[in-house]
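Handing you a structure now.
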Amino acid sequence: GAGVSQSPSNKVTEKGKDVELRCDPISGHTALYWYRQSLGQGLEFLIYFQGNSAPDKSGLPSDRFSAERTGGSVSTLTIQRTQQEDSAVYLCASSLGSGGRSGNTIYFGEGSWLTVV
Amino acid sequence: GDSVTQMEGPVTLSEEAFLTINCTYTATGYPSLFWYVQYPGEGLQLLLKATKADDKGSNKGFEATYRKETTSFHLEKGSVQVSDSAVYFCALSDRRSGSARQLTFGSGTQLTVLP
């Protein structure tokens, strides 16, 4: 597609339920990132995928969070046993190669707004 | 570790006023610096970037100069418009440290421009 596509755009879930958030990166982009933006906060890095390399999971806040990327394209972020503090906007981004090291621009999706009640 | 400190908001200006949003950074290596903008209801968009000292990034009338001596990357615009109302994020990506794979963001500055 023309840009990074995320779904659902909005999700309200009950505490304790599992949720899955989907990201479809820009075609041809090998790097994919997940960030979290909590109310009034900056962006928090969660996880990074680059090609077939092992993902950088250093930003995942707990073992309730996991992500996978199938076929080097679409990615799913899963949050198990959701808590109210998980409420945030989850942003996916993609870039050609490594955005930071090579200076490639990182393009963001519009985000998935998650509310845990 | 790497960090970005951004001018706290919210900032409210009248149309055609001069804008400065301060940004300073701490990095162990040689970072690239970015300004991202988030318009209401939209995703983050890259506004401008600079990849080495003394570079000036510019776009849509906005400018920022990479100042290594003051570790700063302040965003400026000579005459703001109502359509510039958005949240602005300063960010860095450090090519030497472990953060080379991703961006470190400031906390964002909400700008409101009144007609």
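The values are calculated or read from the model by the stated rules, or taken from the named source; none is laboratory data. Everything numeric in this text was worked out from a predicted model, so none of it was measured. Note that each Cβ is placed from the backbone with ideal geometry, even for glycine, and that neighbours are counted across all protein chains shown. Note: accessible area is taken over every heavy atom of the protein model, side chains too, but ligands, DNA and RNA are not part of it. Shrake-Rupley method; radii C 1.70, N 1.55, O 1.52, S 1.80 Å.
Given 5 Å bins starting at zero, what is the percent of C-alpha pairs of chain B in each, up to the one with the largest pair distance?
Calculated P(r), rounded to whole percents: 2, 13, 24, 25, 18, 10, 5, 2, 0.
Quick one: check the C-alpha center-to-center distance for region B:66-95 versus region A:45-65, whole angstrom.
28
Here is a follow-up. For B:Leu111, what residues show an amide H to amide H distance below 5 Å, using hydrogens built from the backbone and excluding near sequence neighbours?
Here the answer is B:Val11, B:Ala86, B:Val87, B:Tyr88, since their amide H atoms fall under 5 Å of that of B:Leu111.
Taking 0.36 nm per intervening residue step and subtracting the Cα-Cα distance, what contour gain separates A:Gln84 from A:Val117 on full extension?
11.2 nm
Take chain A, connect every pair of alpha-carbon atoms lying under 10 Å apart with a spring to form a Gaussian network, then pick out the residue of A:Ala88, A:Ala31, A:Ala54 with the largest mean-square fluctuation.
So, out of A:Ala88, A:Ala31, A:Ala54, the one fluctuating most is A:Ala54.
List the lysines whose alpha-carbon lies under 28 Å from that of A:Lys15, not counting same-chain residues fewer than 8 positions away?
A:Lys57
Which lysines, if any, have their Cα less than 29 Å from the Cα of B:Lys60, not counting same-chain residues under 8 positions apart?
B:Lys49, B:Lys52, B:Lys68, B:Lys77
Something else about it: Report in % the part of the accessible area of the protein assembly as shown that belongs to carbon and sulfur, leaving out ligands and nucleic acids; probe 1.4 Å.
46
Also: How high is the relative contact order of chain A, in percent, counting Cα pairs under 8 Å that sit 6 or more residues apart?
Relative contact order here is 37 percent.
Follow-up question, since we're still on this one. Which values of log₁₀ I(q)/I(0), to two decimal places, follow from the Debye formula for chain A at q = 0.14, 0.16 Å⁻¹ with a uniform point scatterer at every Cα?
-0.52, -0.68
Moving to a separate point now. I want to check the label-to-label distance for A:Ser38 and B:Tyr30. Put each point 7 Å from Cα in the C-beta direction and report it in nm to one decimal.
Rounded to a tenth, the inter-label distance reads 3.6 nm.
On to the next question. What residues qualify as long-range amide H neighbours of A:Gly97, i.e. H under 5 Å apart, gap of 5 or more or another chain, H built at 1.01 Å from N?
Excluding prolines and chain starts, which carry no amide H, the hits are A:Thr30, A:Ala31.
Continuing with the same structure: For chain B, calculate the relative contact order in percent as a whole number, restricting contacts to Cα pairs under 8 Å that are 6 or more residues apart.
So the answer I get is 37 percent.
Looking at chain A only, what percent of DSSP beta bridges run antiparallel? Nearest 5 please.
90
Average the reciprocal distances over every distinct pair of alpha-carbons in the protein assembly as shown, invert the result, and give the Kirkwood radius in Å.
This gives a value of 18.1 Å.
For region B:1-101, run through the chymotrypsin sites (Phe, Trp or Tyr not before Pro) and keep only the ones in DSSP coil with at most 14 other Cβ atoms within 10 Å of their Cβ.
Hits after loop and neighbour filter: B:Phe18.
Helix-only estimate, please: 222 nm mean residue ellipticity of chain A, summing -39500 (n - 2.57) across DSSP H runs of length 4 or more and dividing by its residues, to the nearest 500.
About -500 deg cm²/dmol.
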